[in-house]
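A.B. asks: Below you'll find the structure I mean.
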Amino acid sequence: MALLVLALKVGNASATFSVGDTYQVYAEFDNIGGLKVRAPVKSAGVVVGRVDEIAFDTQRYVARVAMKLDKRYLFPKDTSVSILTSGLLGEQYIGLEAGGDSAMLKEGEVARITQSAVVLEKLIGQFLYNKAAEGGAK
C-alpha cells in the first residue's frame with residue numbers, strides 16, 4: 001500500500017485531489033508550452049483539479065485543454081485561465097482566477113478568457129531581436 005501511495009505521489013497524482021466527483025471544462029490556448037496531462041489546476045494556490053486531456057483543434061489551430069475540476073469548487077463563467085510555471089524553470093500548471101459573473105461554468109463548457117504559456121525561448125529571441133534593431137538604428 002505504501003508503495004502505491006509513493007508511486008501516485010511521484011506520478012503527479014496528489015492524494016489531496018480525489019478523482020471522484022468532478023466536472024469537465026475546457027479552455028483553448030494559442031500555445032501551451034510544456035503543459036502535460038495530469039498537471040495540476042490551481043486557484044489561489046490550492047489544487048482544484050487536473051488537466052485531463054490536451055488536443056489540437058485542426059479547424060482553429062489552437063490547443064484545446066480539458067480540465068477535470070472537483071465539484072466542490074465552482075467557478076464563474078468569466079474565470080480567467082492561465083498557463084503558469086512553478087518557479088523560473090519549473091513544471092507548468094493551470095491557474096484559475098475567478099471572475100465576478102453570477103453564472104457558473106458547467107460540465108462541458110469552455111472558459112473564454114485564457115492566457116497562453118510564456119515561452120522563455122521566445123522572450124529571449126524577442127529581446128535579442130529588439131537589441132539588434134536598436135544597434136542597427138544608431
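A.B. asks: Name the residue that is farthest from the chain's Cα centre (by Cα), counting only residues in segment 19-63 that are surrounded by fewer than 20 Cβ atoms within 10 Å (Cβ to Cβ) and in contact (Cβ under 8 Å) with a residue 60 or more places away in the chain.
C.D. replies: The extreme case among them is 23.
One line per residue, one yes/no per condition, for (1) touching a Gly at 6+ places or on another chain (Cβ under 8 Å); (2) assigned to a strand (DSSP E or B); (3) closer than 17 Å to residue 50 by Cβ:
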residue: 65; (1), (2), (3): no, yes, yes
residue: 69; (1), (2), (3): yes, yes, yes
residue: 73; (1), (2), (3): yes, no, yes
residue: 78; (1), (2), (3): yes, no, no
residue: 81; (1), (2), (3): yes, yes, yes
residue: 88; (1), (2), (3): no, no, no
residue: 101; (1), (2), (3): no, no, no
residue: 106; (1), (2), (3): no, no, no
residue: 114; (1), (2), (3): no, yes, no
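A.B. asks: State all residues of segment 108-138 that are under 14 Å from the mean Cα position of the chain (by Cα), over 13 Å from residue 77 (Cβ atoms), at pLDDT 80 or above and open to solvent by 70 Å² or more (accessible area, probe 1.4 Å); if no residue qualifies, say none.
C.D. replies: 115
A.B. asks: Ok, one more. So, in segment 90-99, of the ones that are assigned to a loop (DSSP other than H, G, I, E, B) and closer than 21 Å to residue 30 by Cβ, which residue ends up farthest from the chain's Cα centre (by Cα)?
C.D. replies: Ranking the qualifying residues of segment 90-99, first place goes to 99.
A.B. asks: If you check 16, 22, which single one turns out to be modelled with pLDDT under 95 and hydroxyl-bearing (Ser, Thr, Tyr)?
C.D. replies: Exactly one residue qualifies, and that residue is 16.
A.B. asks: Hey, another quick one. Being among the hydroxyl-bearing types (Ser, Thr, Tyr) and without any contact (Cβ under 8 Å) to a residue 24 or more places away in the chain is true for just one of 116, 86. Which residue is that?
C.D. replies: Just a single option satisfies the conditions, and that option is 86.
A.B. asks: Continuing with this model, one more query. Checking residue 105 against (1) out of contact with any Asp or Glu (no Cβ under 6 Å at 6 or more places or on another chain); (2) open to solvent by less than 50 Å² (accessible area, probe 1.4 Å); (3) in contact (Cβ under 8 Å) with a residue 40 or more places away in the chain; (4) over 15 Å from residue 23 (Cβ atoms), which single condition isn't satisfied?
C.D. replies: Failing condition for residue 105: (4).
A.B. asks: Looking for whichever is in contact with a strand residue (DSSP E or B) (Cβ under 8 Å, 6 or more places away or on another chain), of a type in the set (A, V, I, L, M) and closer than 15 Å to residue 22 by Cβ here; the options are 111, 66, 117. Which one fits?
C.D. replies: Exactly one of 111, 66, 117 is in contact with a strand residue (DSSP E or B) (Cβ under 8 Å, 6 or more places away or on another chain), of a type in the set (A, V, I, L, M) and closer than 15 Å to residue 22 by Cβ, namely 66.
The values are calculated or read from the model by the stated rules, or taken from the named source; none is laboratory data. Keep in mind the model is a prediction, meaning the values are calculated, not measured. In this analysis, Cβ positions are derived from the backbone assuming ideal geometry, glycine residues included, and neighbour counts consider all displayed protein chains. Calculation scope for accessible area: heavy atoms of the full protein, side chains included, ligands and nucleic acids excluded. Shrake-Rupley method; radii C 1.70, N 1.55, O 1.52, S 1.80 Å.
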